[in-house]
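Heads up, the thing below is written out as structure tokens.
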Amino acid sequence: MVRPPSPRPLPPLVLMLLLLLPPSPLPLAAGDPLPTESRLMNSCLQARRKCQADPICSAAYHHLDSCTSSISTPLPSEEPSVPEDCLEAAQQLRNSSLIGCMCHRRMKNQVACLDIYWTVHRARSLGNYELDVSPYEDTVTSKPWKMNLSKLNMLKPDSDLCLKFAMLCTLNDKCDRLRKAYGEACSGPHCQRHVCLKQLLTFFEKAAEPHAQGLLLCPCAPNDRGCGERRRNTIAPSCALPPVAPNCLELRRLCFSDPLCRSRLVDFQTHCHPMDILGTCATEQSRCLRAYLGLIGTAMTPNFVSNVNTSVALSCTCRGSGNLQEECEQLEGFFSHNPCLTEAIAAKMRFHSQLFYQDWPHPTFAVMAHQNENRALRSQPWVPSLFSCMLPLILLLSLW
């Protein structure tokens, strides 16, 4: 009996090329939850545990952490003043898993993760202050938003869209509960600002993104001051914003002293950075809006300027900035004169208008927001390496 020939083994060179091929990234499905610590590619909490298992890494991290009190957080115009022993500790961490670790704004123990990030950030940026490096791993989900517009029949037909989005939030148990919590904390003549801000932060972090964006970015007719007033009062500015506008640089200094606020501001500067005067964002508009909403509830809480337009600004002034006047105006302008942010808000409001002025086949439906997703701007370093490996592999297999 003739035995069938055994398959020829692959040549070693082919095997090496196969090993060089990077794994394909797996996108989040529509129903996948937001990443937890275990799903982050390199969580700072996980990296810290790995560092603790290495005596040299652990000692260097503890020493760098102790340097925090002796190193002041520099502003972009300042050079960091760092003791020599802290520089040595930072140098020892440069090859550890802590370098490049990230966090997620909806993860558990987020503040602890951010504390680790900014401690290690000194090791990354000593001698080169990296203001625009966001600590957040940006994960985009494509989960559709289910709405039932038939429940809005209780409203008057000519009700403005801000009122309709407020009703949609009320009809959702989670959104309604979170909205009532910050409504109670931010109301009354003797409201406590820090409690109000904490509840606002919780709402915009835990409420479904479409509900939060619908409430804050609802479109109004140009002459509808009542609608504009509802939109502007969404964040309860009488309690959430400071009664007297502080200097913008002092506001930023206060923000930098808090790891959460600092992270949200850097995330905003990363994703809402205008690349040209036309309003092209450094990343997708959806990322810019997510970063903008992430600031609400921090010391850098922005808001609409008036009831008649969609201009936004920080509640601060550049009076008394002295030699730092230009730097202060640049910070202020990143909100009030940012074409990327302006266009992102306008695009989202146009999308919200279409939800109510478009004929849908059924009153209950799921809708996806397609908003200037500049996929060409996404970082995909595996693409060139994939094709560079595939071509010689195909040629070798054809010869084999």
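Of everything in segment 322-338 that is in a helix (DSSP H, G or I) and polar (S, T, N, Q), the residue that is most open to solvent (accessible area, probe 1.4 Å) is Asn323. Scanning segment 302-321 for residues that are out of contact with any Pro (no Cβ under 8 Å at 6 or more places or on another chain) and either outside any loop (DSSP other than H, G, I, E, B) or surrounded by 23 or more Cβ atoms within 10 Å (Cβ to Cβ) (or both) turns up Pro302, Phe304.
In segment 60-75, the qualifying residues are those that are out of contact with any Pro (no Cβ under 9 Å at 6 or more places or on another chain) and open to solvent by 60 Å² or more (accessible area, probe 1.4 Å), and the one that is modelled with the lowest pLDDT is Ser69. Only residues that are under 23 Å from the mean Cα position of the chain (by Cα) and farther than 15 Å from Cys162 by Cβ were counted across segment 182-229, and they come to 17. Residue under question is Glu130, and the condition is that it be acidic (Asp, Glu), modelled with pLDDT under 85 and under 30 Å from Arg350 (Cα atoms); does it hold? Spelling it out, it is not the case that Glu130 is acidic (Asp, Glu), modelled with pLDDT under 85 and under 30 Å from Arg350 (Cα atoms).
For the subset of segment 244-291 comprising residues that are open to solvent by 30 Å² or more (accessible area, probe 1.4 Å), under 20 Å from Leu201 (Cβ atoms) and not in a helix (DSSP H, G or I), which member is modelled with the highest pLDDT? Step by step, filter segment 244-291, then rank; the result is Pro246.
The values are calculated or read from the model by the stated rules, or taken from the named source; none is laboratory data. Note that the structure is predicted; figures quoted are calculated from it, not measured. Heads up, the Cβs are rebuilt from the backbone with ideal geometry, glycines too, and the neighbour counts pull from every protein chain shown. Ligands, DNA and RNA are excluded from the accessible area calculation, which covers all protein heavy atoms including side chains. Shrake-Rupley method; radii C 1.70, N 1.55, O 1.52, S 1.80 Å.
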